[in-house]
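The values are calculated or read from the model by the stated rules, or taken from the named source; none is laboratory data. In this text the structure is predicted, and so the values were computed from the model without any measurement. We place every Cβ from the backbone using ideal geometry, glycine too, and count neighbours over all the protein chains shown. Note: accessible area is taken over every heavy atom of the protein model, side chains too, but ligands, DNA and RNA are not part of it. Shrake-Rupley method; radii C 1.70, N 1.55, O 1.52, S 1.80 Å.
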Amino acid sequence: VHSSGRRTKSLGIPGTGVSWVETDTSTGRKQRAVRQPPPRKPRLFAPRAEKDVYKALVARDWDTLARLADKHADYATLAATFAGLGLLESAEDSSDERARSLLERAFVSGQEPSAHPFFNEYVAAAHLTLTIAPGVDAALPIDRSLVGLALAEIYQQAGDLDRAVEMVEHLEPTTATAVSLAELYTLLGRHRDVIELTEGIANED
């Protein structure tokens, strides 16, 4: 919601190439993004697991993806990642615990979901926008670092700041992880750590 009263809604469906943006102004005009064609479907003789995961992902069927993570060991991390992020993105309170469990499963596996052949074939360009601090959203590639940041946000919302810090500190240093850590350190009163973390960073605007 902008200060002028204008409302903007955006929606992206991972794995389909479809994106949607709607802006509702005071004049009632609406703007939508151009719809992009979806990626090609699995081949006729593709493995059943590949077809099942693709179908559930395009349908945004997080429950089925969660079940597929249990059914197909070679797709477990990939399916758990998308199911957990999907449940988290749905913003339903009842989904938080399931999202946490699935994302923890994906992270603890130590596997990089973006390295899976399925990912490179169908969703290599997929990104997800994650709020990493108040007023700061980041469009991030769907990988192990994103899973870690999402878990840190879940831990933070649950009041477990120490666990959130531990999670982010173990991720690869990036701008997103630095912003997340700066917020968490501030909440814990670790202001010297914030200064050290941001040392050498120049303000550009």
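Do you know which residues across segment 161-173 are open to solvent by 50 Å² or more (accessible area, probe 1.4 Å) and either closer than 19 Å to PRO134 by Cβ or not in a loop (DSSP other than H, G, I, E, B) (or both)?
ASP162, ARG163, GLU166, GLU169
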Is there a residue being open to solvent by less than 20 Å² (accessible area, probe 1.4 Å) and at pLDDT 90 or above anywhere in segment 120-141? no
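To keep it simple, each residue is scored yes or no on (1) of a type outside the set (Ser, Thr, Tyr); (2) in contact with a helix residue (DSSP H, G or I) (Cβ under 8 Å, 6 or more places away or on another chain).
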| residue | (1), (2) |
| --- | --- |
| PHE82 | yes, yes |
| LEU85 | yes, yes |
| ARG100 | yes, yes |
| ALA106 | yes, yes |
| SER114 | no, yes |
| THR129 | no, no |
| ASP143 | yes, yes |
| LEU151 | yes, yes |
| GLY159 | yes, no |
Those residues of segment 52-88 which are acidic (Asp, Glu), open to solvent by less than 50 Å² (accessible area, probe 1.4 Å) and either touching a residue at least 24 places away in the same chain (Cβ under 8 Å) or under 23 Å from ALA158 (Cα atoms) (or both), in sequence order: none
